[in-house]
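J.: For reference, the structure I am asking about is given below.
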Amino acid sequence: ALERTLSIIKPDAVAKNVIGEIYTRFEKAGLKVVAAKMKHLSKQEAEGFYAVHRERPFFNALVEFMISGPVMIQVLEGEGAVLKNRELMGATNPKDAAPGTIRADFADSIDANAVHGSDSLENAAIEVAYFFPATDVFAR
Ligand code: CMP
């Protein structure tokens, strides 16, 4: 089915100047960018976005990392976009990410892991709405 998913290019990958290389992977896989913005998240925004992880031991480090520099946030649309994006990203820990995935090629550690992608269709809807009003998402 045609789906939408939220993608974030994290501060490490923005600093490495690989936004375009990562967008090329989305496009080559048939995913369309239907909304996008660069943003330096506030602590509140990052904490709110990752609220499901609030009780996890890595929560504070994750938030500090996510506010360490600007991120590129986009909505990707395509057939099976949620799973397709997760396949392109590879495993959360770049040490476990398959060769040729975004994390294998651009990530340094489980925190500085280059990209975020929604893990389910349900969370995708929540995460898209967190950053983009419906009028800023462009069906195409
Ligand atoms: P992301 O997909 O953005 O979702 C939560 C993030 O927490 C994850 O990517 C990792 O960057 C980070 N993280 C740090 N430690 C862990 C861990 N042990 N398990 C899962 N995620 C972790």
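The values are calculated or read from the model by the stated rules, or taken from the named source; none is laboratory data. Computed from a predicted model, the values in this text were never measured in an experiment. Ideal geometry is used to build each Cβ from the backbone, glycine not excepted, and the neighbour counts take in all protein chains shown. For the accessible areas, the whole protein counts, side chains as well, though only heavy atoms, and no ligand, DNA or RNA atoms are used. Shrake-Rupley method; radii C 1.70, N 1.55, O 1.52, S 1.80 Å.
J.: Do you know which residues across region 1-58 are on the phi > 0 side of the Ramachandran plot and either within 14 Å of the ligand (Cβ to nearest atom) or open to solvent by less than 50 Å² (accessible area, probe 1.4 Å) (or both)?
T.: Within region 1-58, G30 is the sole residue that qualifies.
J.: Has region 31-39 got at least one residue that is over 15 Å from the mean Cα position of the chain (by Cα) and not in a strand (DSSP E or B)?
T.: First, the residues of region 31-39 that are over 15 Å from the mean Cα position of the chain (by Cα): none.
So far as region 31-39 goes, no, none of its residues is over 15 Å from the mean Cα position of the chain (by Cα) and not in a strand (DSSP E or B).
J.: Taking T135 and the conditions (1) open to solvent by 20 Å² or more (accessible area, probe 1.4 Å); (2) among the polar types (S, T, N, Q); (3) within 15 Å of the ligand (Cβ to nearest atom), which numbered condition does it fall short on, given that it satisfies the others?
T.: Every condition holds for T135 apart from (3).
J.: All but one of (1) open to solvent by 90 Å² or more (accessible area, probe 1.4 Å); (2) within 14 Å of the ligand (Cβ to nearest atom); (3) in a loop (DSSP other than H, G, I, E, B) hold for E64; which doesn't?
T.: The one condition E64 does not meet is (3).
J.: Can you tell which of G100, G90, G117, G80 is surrounded by 21 or more Cβ atoms within 10 Å (Cβ to Cβ) and at positive phi? Before you say what the answer is, go through the steps one by one.
T.: On the way: G100 fails: surrounded by 21 or more Cβ atoms within 10 Å (Cβ to Cβ); G117 fails: at positive phi; G80 fails: surrounded by 21 or more Cβ atoms within 10 Å (Cβ to Cβ).
Answer to the selection: G90.
J.: Taking the conditions exactly as written (more than 20 Å from A13 (Cα to Cα) and crowded, with 18+ Cβ neighbours inside 10 Å), does V128 satisfy them or not?
T.: Yes; evaluated as a whole, the condition is true for this residue.
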